[in-house]
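K.L.:
A single structure is presented below for examination.
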Amino acid sequence: MGKIVGGFWMPHDPVMLVAPDAPPKAQQDVVWGAYEECARRMAELNPTSVIIVGCDHYILFGTHCLPRYLIGVGDVDGPIERLPMLERGVVKNHEELANHIVTEGEKQRIDWAVGRSFTMDHAFAIPHQFVVKPAEKLLDRTLPSIPVYLACGVDPFISFERCVDLGEQIRAAVESFDDDERVVIIGSGGISHWVGTVEMGKVDAEFDQEILQHGVNGDLKALCSYSNEEILRRGGNGAMEIRTFATAMAAVPNATGEIIAYEPVPEWVTGLGFLELIAGEN
């Protein structure tokens with residue numbers, strides 16, 4: 001059977017692209033070095049494909065339609081934004097696996113919204129460009145990459161319970177897929193940041209470290225225990241993105257974690273955490 005061989009949590013902070021020299025050089029080096037380390041570790045897992053779980057920023061979806069969760073099953077391109085350092089173009093999807101996830105989901109009452117022609121944003125593009133592409137170079141092959149988007153940018157937010165359901169269903173679908181499939185899953189987002197509010201630029205390192213420690217401990221229950229009110233108070237509206245972490249953790253069998261790097265960077269308005277999710281025995 002196929003398997004989820006591991007995963008990662010990482011940020012998708014666009015401010016680091018538009019103001020790359022704003023923080024001290026030492027912090028810049030830690031963050032960019034963390035992306036490089038994630039790419040190296042991804043290559044060591046020898047994956048055949050990648051799933052990137054991002055979040056809607058009210059860019060792709062808006063008042064006309066806001067799906068709680070969506071998977072790209074066809075053509076993928078982007079990013080939709082024009083951001084420095086991000087190349088716009090076509091991304092190779094794994095359409096067969098993506099459609100298999102949808103079909104298998106129906107059997108478990110997971111009703112995926114699908115994008116048969118999908119333009120992603122920076123939640124997908126940043127980890128793809130700075131981790132997946134370098135891993136492809138190390139492996140000397142393309143890693144088809146499937147976009148998954150959760151409603152954790154604006155309300156109504158997807159529930160943590162449903163995020164866990166999605167992660168577990170993704171894992172089950174991969175395991176019922178081709179025997180040779182080796183999938184790495186990325187939770188893209190967070191941690192603490194306030195977007196478009198008077199607190200913008202604030203970072204709560206205590207909250208961030210608490211979240212990362214749940215990853216280290218493999219404590220999915222603790223990660224999913226926060227109310228929306230607590231997240232908004234302690235981590236800001238941007239920290240709702242830890243839902244992508246929950247989905248990724250739920251997909252990795254018996255996951256525990258190892259922190260790769262953490263930097264609180266007010267100049268980039270975010271607490272930037274990088275963690276590898278290590279698969280345990282089934």
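The values are calculated or read from the model by the stated rules, or taken from the named source; none is laboratory data. These numbers come from a predicted model, not from an experiment. Reconstructed Cβ throughout: ideal geometry from the backbone, glycine too, with neighbour counts over all protein chains shown. With ligands, DNA and RNA removed, areas are computed over all heavy atoms of the protein, side chains included. Shrake-Rupley method; radii C 1.70, N 1.55, O 1.52, S 1.80 Å.
K.L.:
What dipole magnitude, in Debye to the nearest 20, does the chain give about its Cα centre under +1 on Lys/Arg Cβ and -1 on Asp/Glu Cβ? Write down the numbers at each step before the final one.
P.N.:
Details: 22 positive and 42 negative charges, 59 e Å.
Here the chain has a charge dipole of around 280 debye.
K.L.:
What FRET efficiency would be calculated for the residue pair residue 96, residue 137, taking the C-beta separation as r and a Förster radius of 25 Å, to the nearest 0.05? Spell out each step's value before the answer.
P.N.:
Working: r = 24 Å, r/R0 = 0.98.
Result of the calculation: an efficiency of 0.55.
K.L.:
Which sequence of 152, 224, 65 reflects their accessible areas, 1.4 Å probe, from the largest down? Mind dumping the intermediate values first?
P.N.:
Working: 152 0, 224 35, 65 70 Å².
Ranked from most to least accessible, the order is 65, 224, 152.
K.L.:
Among (i) -0.40; (ii) -0.57; (iii) -0.28, find the value of log10 I(q)/I(0) by the Debye sum over Cα atoms at q = 0.08 Å⁻¹ that was calculated from the structure presented, and write down its label.
P.N.:
(iii)
K.L.:
OK, next. Sequence neighbours fewer than 8 away in the same chain don't count; with that in mind, list the lysines whose C-alpha is under 18 Å from residue 133.
P.N.:
Filter leaves 92.
K.L.:
Taking the Cβ of residue 89 as the centre, find all other residues whose Cβ is under 15 Å away and add up their charges (Lys, Arg: +1; Asp, Glu: -1). Walk me through the numbers before you get to the answer.
P.N.:
Values: positive: 82, 88, 92, 133; negative: 75, 77, 81, 87, 121, 136.
That sum, taken over residues with Cβ under 15 Å, equals -2.
K.L.:
A further question on this structure: Give the calculated FRET efficiency between residue 44 and residue 64 to the nearest 0.05, with a Förster radius of 35 Å applied to their Cβ-Cβ distance. Could the numbers behind the result be given before it?
P.N.:
Working: r = 43 Å, r/R0 = 1.22.
So, using R0 = 35 Å, E works out to roughly 0.25.
K.L.:
Return the inverse of the average 1/r over all pairs of distinct C-alpha atoms in the stretch 191-263, which is the Kirkwood hydrodynamic radius, in Å to one decimal. Don't skip to the answer; put the middle values down first.
P.N.:
Details: mean 1/r = 0.0795 Å⁻¹.
For the stretch 191-263, inverting the mean 1/r across all distinct Cα pairs yields 12.6 Å.
K.L.:
Rounded, prolate or oblate: which fits the stretch 91-199 when a ≥ b ≥ c are the square roots of the eigenvalues of the alpha-carbon gyration tensor, with rounded for a/c under 1.5 and prolate only if a/b beats b/c? Before the final figure, lay out the partial values.
P.N.:
Details: a/c = 2.01, a/b = 1.15, b/c = 1.74.
It comes out oblate by the Cα gyration axes.
K.L.:
A further question on this structure: Add -39500 (n - 2.57) for each DSSP H run of 4 or more in the chain, then divide by its residues: what number comes out at 222 nm, to the nearest 500 deg cm²/dmol?
P.N.:
Working: 10 runs with 100 residues, N = 282.
Helix-only estimate at 222 nm: -10500 deg cm²/dmol.
K.L.:
Comparing 222, 173, 135, which has the greatest mean-square fluctuation in the GNM of the chain with Cα pairs linked when under 10 Å apart?
P.N.:
The residue that fluctuates most here is 222.
K.L.:
Let me ask something additional. Taking the Cβ of residue 178 as the centre, find all other residues whose Cβ is under 11 Å away and add up their charges (Lys, Arg: +1; Asp, Glu: -1). Don't skip to the end; give the middle numbers.
P.N.:
Numbers: positive: 3, 182; negative: 96, 175, 179, 180, 181.
The answer is -3.
K.L.:
Here's another thing I want to ask about it. Find out how many positive minus negative residues lie around residue 35, taking Lys and Arg as positive, Asp and Glu as negative, among other residues whose Cβ is under 13 Å from that of residue 35.
P.N.:
Values: positive: 40, 41, 133; negative: 13, 29, 36, 37, 263, 276.
Surrounding charge for residue 35 is -3.
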